[in-house]
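The values are calculated or read from the model by the stated rules, or taken from the named source; none is laboratory data. Since the structure is predicted, the reported quantities are computational estimates derived from the model, not experimental observations. When we count neighbours, we look across all protein chains shown, and the Cβ atoms used for this are built from the backbone with ideal geometry, even at glycine. What goes into the accessible areas is simple: the full protein's heavy atoms, side chains included, and nothing from ligands, DNA or RNA. Shrake-Rupley method; radii C 1.70, N 1.55, O 1.52, S 1.80 Å.
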There are 2 protein chains.
Amino acid sequence: MQIKDILQLSPESQSVVVKGWVRTKRGQANIVFINLNDGSTIKNIQAVVEDGKIEEEILKKISTGACIAVSGTLVASAGSGQAVEVLAQTIEIYGTADETFPMQPKKHSLEFLREKAHLRFRTNTFGAIFRIRHALAFAVHKFYNDNGFFYLHTPIITASDAEGAGEMFRVSSFEPNAAPKNEDGSVDFSQDFFGRETSLTVSGQLEGELGAMALSKIYTFGPTFRAENSNTTRHLAEFWMIEPEVAFYELEDNMNLAESFVKYVIQYAIDNCKDDLEFLQTRLLEEEKSKPQNERSEQTLLEKLNFVVENSFERLTYTEAIDILLKSKPAQKKQFQYEVGWGIDLQSEHERYLVEKHFKKPVILTNYPKDIKAFYMKQDADGKTVRAMDVLFPGIGEIIGGSQREDNYEKLMTRINEVGIDPDNLWWYLDTRKFGSAPHSGFGLGFERLVLFVTGMGNIRDVIPFPRTPKNAEF
Amino acid sequence: MQIKDILQLSPESQSVVVKGWVRTKRGQANIVFINLNDGSTIKNIQAVVEDGKIEEEILKKISTGACIAVSGTLVASAGSGQAVEVLAQTIEIYGTADETFPMQPKKHSLEFLREKAHLRFRTNTFGAIFRIRHALAFAVHKFYNDNGFFYLHTPIITASDAEGAGEMFRVSSFEPNAAPKNEDGSVDFSQDFFGRETSLTVSGQLEGELGAMALSKIYTFGPTFRAENSNTTRHLAEFWMIEPEVAFYELEDNMNLAESFVKYVIQYAIDNCKDDLEFLQTRLLEEEKSKPQNERSEQTLLEKLNFVVENSFERLTYTEAIDILLKSKPAQKKQFQYEVGWGIDLQSEHERYLVEKHFKKPVILTNYPKDIKAFYMKQDADGKTVRAMDVLFPGIGEIIGGSQREDNYEKLMTRINEVGIDPDNLWWYLDTRKFGSAPHSGFGLGFERLVLFVTGMGNIRDVIPFPRTPKNAEF
């Protein structure tokens with residue numbers, strides 16, 4: 001039985017065996033208290049060792065980080081903060097931990113813990129984060145399953161580039177600097193494992209569309225990659241993305257799906273991760289105490305999550321957003337670093353103004369200029385904009401990007417030629433517009449950005465177990 | 001509303017809109033029947049067009065593969081095989097499909113459909129397979145979530161080689177044949193994206209163990225890779241693997257987990273994919289008609305699945321299995337291609353004999369010779385065997401491989417040195433044996449092999465949307 005379940009038992013003096021890692025050991029004259037955690041919950045269980053009950057030899061070996069099994073009696077706790085505790089009868093030591101164990105019970109910086117990512121699971125903060133991450137992932141699958149979507153595993157190794165941009169990692173079985181060559185000196189990829197040049201996918205969308213054009217409602221949830229040298233708190237070279245794609249959905253349906261989906265998974269975390277969210281909320285309040293008043297959050301973590309779930313996202317077009325920005329104080333006072341004007345790619349400062357200052361809630365922007373969006377987005381009748389939608393979150397920025405897709409073969413071909421993609425590489429994608437094309441829409445949600453929002457953490461490296469970033473692939 | 005739901009309605013003459021792809025159109029003198037499918041179910045809905053109701057111009061454009069929306073009245077069906085049908089009032093054509101549409105209503109070979117993997121979702125067979133694949137994937141998450149496991153995303157790009165063997169794909173952002181060099185002419189990986197040599201993971205186990213040594217119960221479900229030139233019906237270069245890892249579990253607990261897990265997900269498919277499984281069962285019976293009697297299955301697909309769920313897996317040691325094989329008819333008659341003897345790596349023919357001839361049920365073999373198993377498996381007291389377990393399935397062979405892990409630091413180091421792994425590359429793995437080590441166990445299940453078993457398909461390329469195999473990375 002796990003500690004989570006033992007803590008729910010009533011203390012009818014039954015025998016229990018508690019297994020876990022020692023968080024702290026405190027000794028008094030005739031009594032020793034050991035706090036044990038097994039990761040099933042943020043709560044520890046206290047084992048009480050009365051004088052002489054356990055051999056001194058064994059007790060000496062028990063210190064922070066050790067793994068032990070305590071057999072004893074579950075009794076009502078005399079101390080505050082816990083209903084039950086274990087009166088130890090025997091203790092088995094599975095593994096000791098000497099004083100070099102890095103997770104000693106004191107404050108560690110997040111940077112230090114990142115270097116010890118193999119052990120940071122054993123802290124309260126990271127235990128909470130990764131339990132919440134699990135709950136969110138499960139909620140994703142449950143939401144789509146309950147709504148009739150099919151989970152589609154799109155390929156990780158790909159010969160196509162979904163976005164027509166985005167730097168990709170090469171995948172090969174050639175020895176570096178020893179790839180076979182063609183007569184003209186170029187690399188002979190026909191001799192590589194797949195017989196062609198291959199990379200790691202940047203998105204499962206194009207293949208997802210193939211599924212949607214037959215199964216109607218699909219979603220992906222898998223790793224995606226960017227070989228971009230972005231050393232920020234918002235970017236990873238390897239991250240998990242969720243991409244639903246739905247036949248017969250137009251932009252409006254797509255917005256409704258995105259909003260109900262995000263609200264569902266956040267509500268699921270609120271309902272299922274109470275202890276962990278409360279811990280992170282307290283942690284955040286502590287952290288903010290060192291900040292000046294005007295930089296502190298207006299809402300606590302749980303207030304922020306409940307606010308998102310309870311309020312409608314603001315929906316407006318890109319053109320309307322530009323108007324608001326042009327009339328804004330920072331624009332008039334020339335406080336934006338990047339000048340505002342129709343056609344620009346909105347910068348973080350603009351998105352933050354809209355979300356955090358103007359509307360003070362999540363915002364869905366639609367109908368962006370076609371020149372700043374991907375080739376596959378459905379063109380509006382005005383010839384200038386496309387049926388794109390970005391969902392912007394406070395503190396996070398873009399959490400979802402999506403669109404209705406261009407389903408007209410000729411319009412799609414024109415756009416593919418305009419942006420300079422070789423249509424031969426996308427023959428299979430074009431086929432879906434040739435044979436039984438249909439309106440369809442979808443979006444991508446960066447899973448780590450969602451976890452970042454829900455946990456209130458500040459660095460994306462802290463919400464994925466083993467982050468991959470420039471110059472870092474440890475563990 | 002989707003066709004799956006419309007088919008459940010009672011025909012009270014309500015108005016419905018049915019959207020889907022045309023499977024067939026049959027015309028008679030005064031009436032046209034259109035069969036529509038939207039992938040939500042294997043069942044089609046029939047649209048009936050009475051004489052003169054729909055313009056001839058529109059009707060002419062409707063053929064197999066076209067995507068349409070039929071608005072009309074839901075009525076009780078006069079024909080057999082369906083309870084309800086739609087009396088068409090208007091039809092909107094989303095996309096036509098001319099006679100070059102490859103999925104015409106006739107028999108296609110699986111090889112042909114593999115080349116058209118972007119459209120094969122629109123066939124009954126592949127619709128059924130990918131709906132079942134979804135149900136199995138959801139059942140995996142549901143099983144582990146309901147049992148207190150946390151889903152852990154282990155890294156895809158890795159600098160370590162979990163098995164100490166297995167050919168890996170290289171991941172790099174270097175141009176091929178243009179990687180920077182050190183003074184001695186070797187490749188200067190410090191200038192590569194991650195500042196070191198990196199590959200695609202062959203297993204998330206080692207990182208999974210790090211999670212289990214803090215959160216107690218974790219599982220992974222992600223893509224894994226093998227750069228092996230295996231052109232068989234059982235191997236993929238990219239496949240999805242599920243790897244639970246549990247602190248405080250010994251080999252016996254690990255076997256219990258594996259057996260209950262596999263039974264749960266198969267039962268889930270039986271309960272949730274009735275129509276699709278019945279279709280595949282009929283398909284299989286048809287396929288087997290062309291085979292000689294003695295090559296046909298003894299059980300239908302559903303009988304086979306129910307048999308696995310209802311019977312205990314046979315558990316025995318490798319040593320006991322070798323004894324059985326030595327005494328077997330094929331061994332005595334020298335019919336095995338590979339000779340049997342203690343210490344050999346069991347070949348497919350041996351595993352099949354045990355599973356299909358001797359026990360006629362799934363088998364769990366344990367305590368293999370340490371020399372044929374990975375370095376991380378817990379050594380038995382005899383010094384010869386390790387606490388490994390393989391689950392063997394009829395028709396599939398090994399579906400699960402796992403073990404109790406070596407939790408003793410000294411024994412693990414000795415083994416690492418014996419097999420020639422550089423311990424510096426695994427410092428983080430070794431740390432978990434230094435600080436609070438604990439008994440723990442886990443296993444890996446190849447997801448596609450499970451889907452293969454449940455769908456009764458014969459080639460692993462047919463149970464993943466876009467297979468990656470030697471010389472093939474299309475789509």
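How many partner chain Cβ atoms sit within 10 Å of a residue's Cβ in peptide B:467-474, on average, as a whole number? Show your work: numbers first, answer last.
On the way: counts 1, 9, 2, 4, 7, 5, 14, 9.
Per residue, the average neighbour count from other chains is 6.
Taking each pair of distinct Cα atoms in the protein assembly as shown once, what is the resulting Kirkwood hydrodynamic radius in Å? Write out the running numbers ahead of the final one.
Working: mean 1/r = 0.0329 Å⁻¹.
Kirkwood hydrodynamic radius for the protein assembly as shown: 30.4 Å.
Leaving out ligands and nucleic acids, note down the accessible area per residue over chain A with a 1.4 angstrom probe, in whole Å². Don't skip to the end; give the middle numbers.
Numbers: 19150 Å² over 475 residues.
Accessible area per residue: 40 Å².
Once you have a ≥ b ≥ c as the square roots of the Cα gyration tensor eigenvalues for chain A, tell me rounded if a/c is under 1.5, and otherwise prolate or oblate according to whether a/b is larger than b/c.
Values: a/c = 2.27, a/b = 1.75, b/c = 1.30.
Note, shape of chain A comes out prolate.
Quick one: accessible surface of A:SER190, probe radius 1.4 Å, all protein chains present, in square angstrom to the nearest 10.
A:SER190 has an accessible surface of roughly 70 Å² with all protein chains in place.
Quote the accessible area belonging to B:ILE344 in square angstrom, nearest 10, computed with a 1.4 Å probe and with ligands, DNA and RNA left uncounted.
In the full protein context, B:ILE344 sits at about 40 Å².
From the label point of B:PRO11, set 7 Å from Cα along Cα→Cβ, how far away are the matching label points in the other copies, in nm, ordered shortest to longest?
Inter-copy label distances (nm, one decimal, shortest first): 6.8.
Taking K and R as +1 and D and E as -1, what net charge do the other residues with C-beta under 10 Å from the C-beta of B:THR123 add up to? Before the final figure, lay out each step's value.
On the way: positive: B:ARG23, B:LYS116, B:ARG120, B:ARG122; negative: none.
Local charge sum for B:THR123: +4.
Extension gain A:SER13-A:ARG296, at 0.36 nm per residue separation less the Cα-Cα distance, in nm? Don't skip to the answer; put the middle values down first.
Working: separation 283, 0.36 × 283 = 101.88 nm, distance 4.70 nm.
Once the chain is fully extended between A:SER13 and A:ARG296, it gains 97.2 nm.
Just counting partner chain Cβ atoms within 10 Å, what average do the residues of peptide B:212-221 show around their Cβ? Before the final figure, lay out the partial values.
On the way: counts 2, 8, 15, 11, 10, 4, 5, 1, 1, 4.
Across the residues of B:212-221, the mean count of other-chain Cβ atoms within 10 Å is 6.
Tell me the relative contact order for chain A as a rounded percent, counting alpha carbon contacts under 8 Å between residues six or more apart. List each step's numbers first, then the result.
Values: 843 pairs, mean separation 62.5, N = 475.
Relative contact order of chain A: 13 percent.
Let me check something: with ligands and nucleic acids excluded, how do A:ASP462, A:ASP184, B:ASP5, B:ASP271 order by accessible area (1.4 Å probe), largest to smallest?
Details: A:ASP462 0, A:ASP184 125, B:ASP5 65, B:ASP271 100 Å².
Per-residue accessible area, sorted high to low, gives A:ASP184, B:ASP271, B:ASP5, A:ASP462.
Helix check for chain B. Which DSSP H runs span at least 27 Å along their own axis by Cα, with a mean Kyte-Doolittle hydropathy no less than -0.5?
Numbers: long enough: B:124-146 (32 Å, 0.14); B:251-272 (31 Å, -0.09).
In chain B, the long hydrophobic H runs are B:124-146, B:251-272.
Take peptide B:439-446, look around each residue's Cβ out to 10 angstrom, count Cβ atoms belonging to other protein chains, and average those counts. Before the final figure, lay out the partial values.
Numbers: counts 5, 2, 0, 0, 0, 0, 0, 0.
Taking all residues of B:439-446 together, the mean is 1.
Below 19 Å, Cα to Cα, which lysines can B:LYS43 reach? Residues fewer than 8 away in the same chain don't count.
Filter leaves A:LYS217, B:LYS4, B:LYS19, B:LYS25, B:LYS106, B:LYS107, B:LYS274.
Taking R0 as 56 Å, what's the FRET efficiency between B:GLN28 and A:SER77 from their Cβ-Cβ distance, rounded to 0.05? Mind showing how you got there, number by number?
Details: r = 81 Å, r/R0 = 1.44.
With a Förster radius of 56 Å, E is 0.10.
On average, how much area does the Cα convex hull of the stretch A:208-286 cover when viewed from any direction, in nm²? Let's see the in-between values first.
On the way: hull surface 31.9 nm².
Mean projected area of the Cα convex hull: 8.0 nm².
Could you please put B:HIS141, B:HIS108 in sequence from largest to smallest accessible area, using a 1.4 Å probe?
Values: B:HIS141 0, B:HIS108 35 Å².
The most accessible residue leads, giving B:HIS108, B:HIS141.
Net charge around B:VAL355, counting only other residues with Cβ within less than 12 Å of its Cβ (Lys, Arg = +1; Asp, Glu = -1)? Working shown, then result.
Numbers: positive: B:ARG352, B:LYS357, B:LYS360, B:LYS361; negative: B:GLU314, B:GLU349, B:GLU351, B:GLU356, B:ASP390, B:GLU398.
Within the 12 Å Cβ shell, the charges total -2.
If we count every other residue with Cβ under 13 angstrom of B:ASN145's Cβ, Lys/Arg +1 and Asp/Glu -1, where does the sum land?
+4
Normalised by the number of residues in the stretch B:60-126, what is the relative contact order in percent for Cα pairs under 8 Å and 6+ residues apart?
Details: 76 pairs, mean separation 21.4, N = 67.
The normalised contact order for the stretch B:60-126 reaches 32 percent.
Kindly compute the accessible surface that chains A and B hide from a 1.4 Å probe when together, both sides summed, and give it to the nearest 100 Å². Each step should come with its number before you reach the end.
Values: alone 23670 and 23650 Å², together 38280 Å².
Roughly 9000 Å².
Given the -39500 (n - 2.57) contribution per DSSP H run of 4+ residues, what per-residue ellipticity at 222 nm results for chain B, rounded to the nearest 500 deg cm²/dmol?
Working: 14 runs with 144 residues, N = 475.
Mean residue ellipticity at 222 nm (helix-derived): -9000 deg cm²/dmol.
By a straight-distance test (C-alpha under 16 Å), which lysines pair with B:LYS373 as possible cross-link partners, with residues fewer than eight away in the same chain excluded?
List returned: B:LYS384, B:LYS411.
Mean separation of Cα pairs under 8 Å and 6+ residues apart, divided by the residue count of the stretch A:304-373: what relative contact order is that in percent? If you can, show how the numbers build up before the last one.
On the way: 61 pairs, mean separation 33.4, N = 70.
With pairs under 8 Å counted, the relative contact order is 48 percent.
Find, among the GluC sites (Glu not before Pro) in the stretch A:22-118, those assigned to loop by DSSP (not H, G, I, E, B) with at most 13 other beta-carbon atoms within 10 angstrom.
Working: sites: A:GLU50, A:GLU55, A:GLU56, A:GLU57, A:GLU85, A:GLU92, A:GLU99, A:GLU111, A:GLU115; in loops: A:GLU55, A:GLU99.
Qualifying residues, ordered by number: A:GLU55, A:GLU99.
Please list, in order along the stretch B:109-121, the HN-Hα scalar couplings obtained from phi with the Karplus expression 6.51 cos²θ - 1.76 cosθ + 1.60 (θ = phi - 60°), rounded to whole Hz, x for Gly and Pro.
Here the 3J(HN,Hα) series is 6, 5, 5, 4, 5, 5, 6, 10, 4, 6, 10, 5, 4 Hz.
With a bin width of 5 angstrom, please list the P(r) values of the stretch B:324-407 as percents of all Cα-Cα pairs, from the 0 bin to the one holding the largest distance.
The percentages, shortest bin first, are 3, 15, 23, 22, 19, 12, 5, 1, 0.
What are the trypsin sites (Lys or Arg not before Pro) within the stretch B:41-125 that DSSP puts in a loop, where the Cβ has at most 10 other Cβ atoms within 10 Å? Mind dumping the intermediate values first?
Working: sites: B:LYS43, B:LYS53, B:LYS60, B:LYS61, B:LYS106, B:LYS107, B:ARG114, B:LYS116, B:ARG120, B:ARG122; in loops: B:LYS43, B:LYS53, B:LYS106, B:LYS107, B:LYS116.
Passing both the DSSP loop test and the Cβ count: B:LYS106, B:LYS107.
Taking every eigenvalue of the Cα gyration tensor of the stretch B:383-434, multiplying by 5 and rooting it, what semi-axes result, largest first, whole Å? Write out the running numbers ahead of the final one.
Values: eigenvalues 151, 29, 24 Å².
Semi-axis lengths for the stretch B:383-434 are 27, 12, 11 Å.
If I ignore ligands, DNA and RNA and count only protein heavy atoms, how much of A:PHE443 is accessible to a 1.4 Å probe, in Å² to the nearest 10?
Taking all protein chains as shown, A:PHE443 has close to 0 Å².
Could you pull the copy-to-copy label distances for A:ASN417, with points set 7 Å along Cα to Cβ, in nm to one decimal and sorted shortest first?
Label point to label point, same position, other copies: 7.0 nm.
Could you list which residues have their amide H under 5 Å from that of A:ASN177, counting only those 5 or more apart in sequence or on another chain, with H placed in the peptide plane?
B:ASN177, B:ALA178, B:ALA179
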